[in-house]
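Here's the structure, in structure tokens; my notes come after.
The values are calculated or read from the model by the stated rules, or taken from the named source; none is laboratory data. Everything numeric in this text was worked out from a predicted model, so none of it was measured. Counting neighbours? That spans all protein chains shown, and the Cβs are built from the backbone with ideal geometry, glycine included. Protein only, heavy atoms only, side chains kept; ligands, DNA and RNA dropped before computing areas. Shrake-Rupley method; radii C 1.70, N 1.55, O 1.52, S 1.80 Å.
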Amino acid sequence: MGQTSASFRQEEHPFNESLSLSEVISALSFAIDLTEGAVRGHALRSCLLGMRIGYEMGLSSEQKSSLYYALLLKDIGNEEMIGIRCDRGASIVGKLGMGQMAVEAVRSIEEHWDGTGYPKRARGERIPLLARVCAVAQHLDVFSMGRNADVAIETLEQWSGTWFDPQIVRAVMSLNHRGSLWTHCSATDSNDITRAAVLDLDPQQQQRLDDRQIDRICEAFADIVDSKSHFTYRHSMGVAELAHGIAKRLRLRTDRVQLVRRAALLHDIGKLSVANTILDKKTRLTEAEWKIVEKHPGLTRQILEQIGPFREIAIVAGEHHEKLDGTGYPNRLMAPDLSIESRIVAVADVYSALSEDRPYRAGLHSSEIVSIMRSLAPRKLDADCVDALVALVAEEQEIEQKFEPAGIVVEELARACA
Ligand SMILES: [Fe+2]
Ligand SMILES: [Fe+2]
């Protein structure tokens with residue numbers, strides 16, 4: 001379990017450490033690889049393979065920089081249908097401010113050299129060059145992980161001129177021949193080693209992110225998590241708004257308010273690993289399914305911890321299902337373990353979850369939710385945070401502060417807030 005939010009000493013970890021775009025995106029690409037059907041570490045390995053090809057082909061520095069982020073984010077679209085996935089992925093890459101070349105690379109990654117691909121059946125050099133490189137890199141990783149590196153190379157050669165650009169295949173053959181294609185790309189390489197190699201290849205290592213850029217990235221990833229299921233289409237954004245409002249009402253310092261908002265935006269990022277068949281299930285979850293759901297806060301922490309200056313955000317976000325009386329998960333923490341920032345995110349999460357529709361019930365009315373939350377404070381939820389939330393909701397919705405007790409059962413409450 002390690003450190004908790006209450007034992008975290010901020011002085012030892014100043015937040016104003018500088019942060020590069022590649023540090024954030026490479027960590028969050030790990031989250032994308034947690035989605036169903038994906039192979040862990042795929043984005044990082046594809047980035048290494050694709051960038052080596054890019055260097056071999058003598059791409060310009062602008063091209064290399066766009067290629068780098070296109071490779072890390074190519075599977076961000078989070079959709080079953082190829083055409084929609086590419087378009088959605090491209091639009092998120094655009095929102096992240098990665099530039100038009102990266103956007104086009106992601107949009108056209110499923111096109112084939114002979115014109116048999118998606119979405120436009122584009123042919124030959126009409127397919128953006130970076131998309132052609134990304135397609136080869138993803139093929140190499142998928143085949144080397146599914147079978148082995150030799151099979152990946154053989155199939156690449158076989159499909160040269162049909163699926164793949166022959167010029168790029170030649171660059172791969174030359175790298176492979178010299179033994180410099182696969183370094184840090186095997187199944188036995190740890191995520192840390194592969195990621196360190198990816199960070200070394202960042203063409204813009206010196207470029208540091210400002211606060212607005214960091215917020216924009218957190219918002220984009222909140223959007224990716226929310227779009228996983230239509231029941232949660234605004235959940236993370238909603239939790240962030242409420243948590244931000246509570247933190248301000250409790251007069252937290254500006255930098256603490258910012259930390260609360262970012263932790264709230266990213267709190268459910270570990271949920272990308274939970275299958276939709278579980279998230280959208282209309283009936284009671286089995287014990288095995290619950291075990292999977294209960295892992296998501298730990299994964300959130302694991303993903304965010306990879307970003308040095310996000311250490312505290314990782315801890316706070318990973319505690320969003322803990323309760324003050326030790327009945328929460330994943331670590332059954334108690335009140336003295338949980339900081340005010342962590343308590344705020346937990347309260348905002350419960351309110352948002354209960355207000356949203358779920359597969360097994362409709363969203364509750366705010367008066368009902370407030371009544372439930374009052375009954376959970378101060379035993380499970382922090383009373384000051386709940387008071388601040390009630391005041392916030394009352395102010396926003398101008399509802400009467402007369403609340404009837406609601407008849408929601410405890411198990412249903414737990415499910416709603418998962
Ligand atoms: Fe959660
Ligand atoms: Fe949540």
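For Gly115, the conditions (1) open to solvent by less than 20 Å² (accessible area, probe 1.4 Å); (2) assigned to a loop (DSSP other than H, G, I, E, B); (3) modelled with pLDDT under 95 all hold with the exception of (3). For the range 120-128, state whether one or more residues are exposed (fewer than 14 other Cβ atoms within 10 Å of the Cβ) and among the β-branched types (Val, Ile, Thr). Looking for residues that are exposed (fewer than 14 other Cβ atoms within 10 Å of the Cβ) and among the β-branched types (Val, Ile, Thr), one finds none in the range 120-128, hence no. So which residues in the range 306-325 are more than 13 Å from ligand 1 (Cβ to nearest atom), of a type in the set (Gly, Ala, Ser) and modelled with pLDDT of 95 or more, if there are any at all? Result: Ala314, single match. Screening the range 317-337 for residues that are touching a Lys or Arg at 6+ places or on another chain (Cβ under 9 Å) and within 16 Å of Ala263 (Cα to Cα) and picking the one that is nearest to ligand 2 (Cβ to nearest atom) gives Ala317. Among the conditions (1) more than 30 Å from Leu48 (Cβ to Cβ); (2) surrounded by fewer than 15 Cβ atoms within 10 Å (Cβ to Cβ); (3) within 22 Å of the chain's Cα centre (by Cα), Ser190 misses just one, which is (1).
Conditions tested, residue by residue: (1) aromatic (Phe, Trp, Tyr); (2) within 20 Å of Gln306 (Cα to Cα).
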residue: Leu156; (1), (2): no, no
residue: Trp159; (1), (2): yes, no
residue: Asp165; (1), (2): no, no
residue: Val169; (1), (2): no, no
residue: Asn176; (1), (2): no, no
residue: Thr188; (1), (2): no, yes
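When the helices (runs of 4 or more DSSP H) confined to the range 294-394 are screened for residues that are polar (S, T, N, Q) and open to solvent by 30 Å² or more (accessible area, probe 1.4 Å), those reaching at least 2 such residues are found at 366-376. Search the range 236-256 for residues being of a type outside the set (D, E, K, R) and open to solvent by 10 Å² or more (accessible area, probe 1.4 Å), and hand back the single one that is farthest from Arg358 (Cα to Cα). Applying the filter and picking the extreme gives Thr254. Scanning the range 88-102 for residues being in a helix (DSSP H, G or I) and crowded, with 23+ Cβ neighbours inside 10 Å gives a total of 4. Meeting the requirement of 2 or more residues that are at pLDDT below 95 and away from ligand 2 (no atom under 16 Å from the Cβ), the helices (runs of 4 or more DSSP H) wholly within the range 168-287 are 191-200, 211-226. When the range 232-264 is filtered for residues that are within 15 Å of ligand 1 (Cβ to nearest atom) and within 15 Å of Glu319 (Cβ to Cβ), the ones remaining, listed by number, are Val239, Ala243, Ala263, Ala264. The residues listed here are Asp387, Asp382, Asp349; of these, the one that is in the same structural domain as Met334 (by TED's automatic domain parsing), at pLDDT 95 or above, within 22 Å of Thr327 (Cβ to Cβ) and within 16 Å of ligand 2 (Cβ to nearest atom) is Asp349. Here Ile303 meets each of (1) under 16 Å from Ala6 (Cα atoms); (2) among the hydrophobic types (A, V, I, L, M, F, W, C); (3) touching a residue at least 12 places away in the same chain (Cβ under 8 Å); (4) away from ligand 1 (no atom under 11 Å from the Cβ) with one exception, condition (1).
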